[in-house]
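Engineer: Have a look at this one before I ask anything.
The values are calculated or read from the model by the stated rules, or taken from the named source; none is laboratory data. Since this is a predicted model, take the numbers as computed values, not measurements. Cβ placement follows ideal geometry from the backbone for every residue including glycine, while neighbour counts extend to all protein chains displayed.
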Amino acid sequence: MEDVDEPRLTVSGAARRLGIAPATLRTWDRRYGVGPAEHTRGRHRTYSAVDMARLEVMQHALVKGASPAEAARYARAAVMARREPVASPPGAGLPAPRAERSGRVDRTPDPGAGIDVIASLGAVDRQGPGPGAPTGGAVLSGRSGGGGLRMPGAGRAARGLARAAFALDPVAVRRIVEESIGSGGLAVTWDEVVRPVLDAVDVRVRGTGRGVEVARLLEECAAVVFHARAYAMPPPSPMRPVLVAGMPGDEYGVPLAALGAVLAERRIACRSFGPALPAAALVAAIRRVAPAAVVLWAQLTATADVDVLAALPVTRPRFRTSVAGPGWEGAALPRGVERLSSLTDAADRIGATVLR
């Protein structure tokens, strides 16, 4: 039995401590049985230190990509009667709980805290709401804003990244991206973890117009990690560099950071000018850098301007021009301009051009 005089938190107090909505706590209790261990009918629910430890473990599991039901089962098993934590289920990769034998809970701030599995699922507003955008039928679903996040086939890391982004937790977002790079590599992290989440929230925002703050935080954190990886690589081999930039007016820069990191990993010199490089600045940069290849990203159809490609200067020696991004799909590209289909495809083709 727990001490009668032990301080306890109300539902609203526990929600504030965890950084989630009170309705979420009630849902966790009703659906998954992760609520106060002791409750008297007719009295308000209150949470003890052990109850809070159980909820924190559930949050950690959600960040790691577990489903709500899986996270709840793990949390109930991991914190029980103030005993030592049980071992993580095989392959779960879930963090150990922080309850001690004495019943005290370590309240040191943790980067995994504040993850709300039933958070309002906003998304990045890259081009505003669009007609016919699909909503609902999601892998992750939300209580507010309508519909859900469509991520069919997404892995644990992608699901955990989505939940961390929706909780506006930059520490957890960066940690998940870094761990994915460490285990799977840069290209896999972009193709299977970061890009699916960004694409899914993009689809949803075009149906709701909500959640710009979620996408901005995810984009910023992912770009920071990719840039840091690029800067940490050994110096590139002596060769003409690759010029990478976003098309004029295109503010989407995360893929540029990912491509720069992959090129740096392959010791290919890169000059990245970020998103939305004006046409005049692009021409000036090409003349000054004398690149071996130029890669231009367009996220939106409106920024995939073939006239900009046609106006690129002719240099000696010549450079190879490539485009990437969904904005170029279906565009009639000038002769000699190739479209890159993926990050790996881009790195392979650029490498073949620069290293030949």
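Engineer: Could you please let me know if Ala276 is on the phi > 0 side of the Ramachandran plot and at pLDDT 90 or above?
Structural biologist: Criteria met by Ala276.
Engineer: If you don't mind, there's one more thing I want to ask. So, in the stretch 336-356, how many residues would count as being closer than 19 Å to Pro326 by Cβ and in contact (Cβ under 8 Å) with a residue 60 or more places away in the chain?
Structural biologist: Total meeting the criteria: 5.
Engineer: Starting from the stretch 164-191, take each residue that is buried (at least 24 other Cβ atoms within 10 Å of the Cβ) and list its partners that are of a type in the set (Asp, Glu) and not in a helix (DSSP H, G or I), counting only C-beta distances under 8 angstrom and pairs at least six apart or across chains.
Structural biologist: Partner pairs satisfying both residue conditions: Phe166/Asp116; Ala167/Asp116.
Engineer: When you scan the stretch 250-352 for helices (runs of 4 or more DSSP H) that lie fully inside it, which ones turn up with 1 or more residues that are over 22 Å from Cys221 (Cβ atoms) and touching a Ser or Thr at 6+ places or on another chain (Cβ under 9 Å)?
Structural biologist: 279-289, 306-310
Engineer: If we scan the stretch 204-226, do we find a residue that is part of a helix (DSSP H, G or I), modelled with pLDDT of 90 or more and surrounded by fewer than 18 Cβ atoms within 10 Å (Cβ to Cβ)?
Structural biologist: Yes, the stretch 204-226 contains at least one residue that is part of a helix (DSSP H, G or I), modelled with pLDDT of 90 or more and surrounded by fewer than 18 Cβ atoms within 10 Å (Cβ to Cβ).
Engineer: I've got another one for you. Please enumerate the residues belonging to the stretch 239-249 that are modelled with pLDDT of 85 or more and part of a loop (DSSP other than H, G, I, E, B).
Structural biologist: Arg240, Pro241, Met247, Pro248, Gly249
Engineer: While we're here: Which residues, counting only those in the stretch 233-263, are under 21 Å from the mean Cα position of the chain (by Cα) and farther than 19 Å from Asp345 by Cβ?
Structural biologist: Residues satisfying the conditions are Asp250, Glu251, Gly253.
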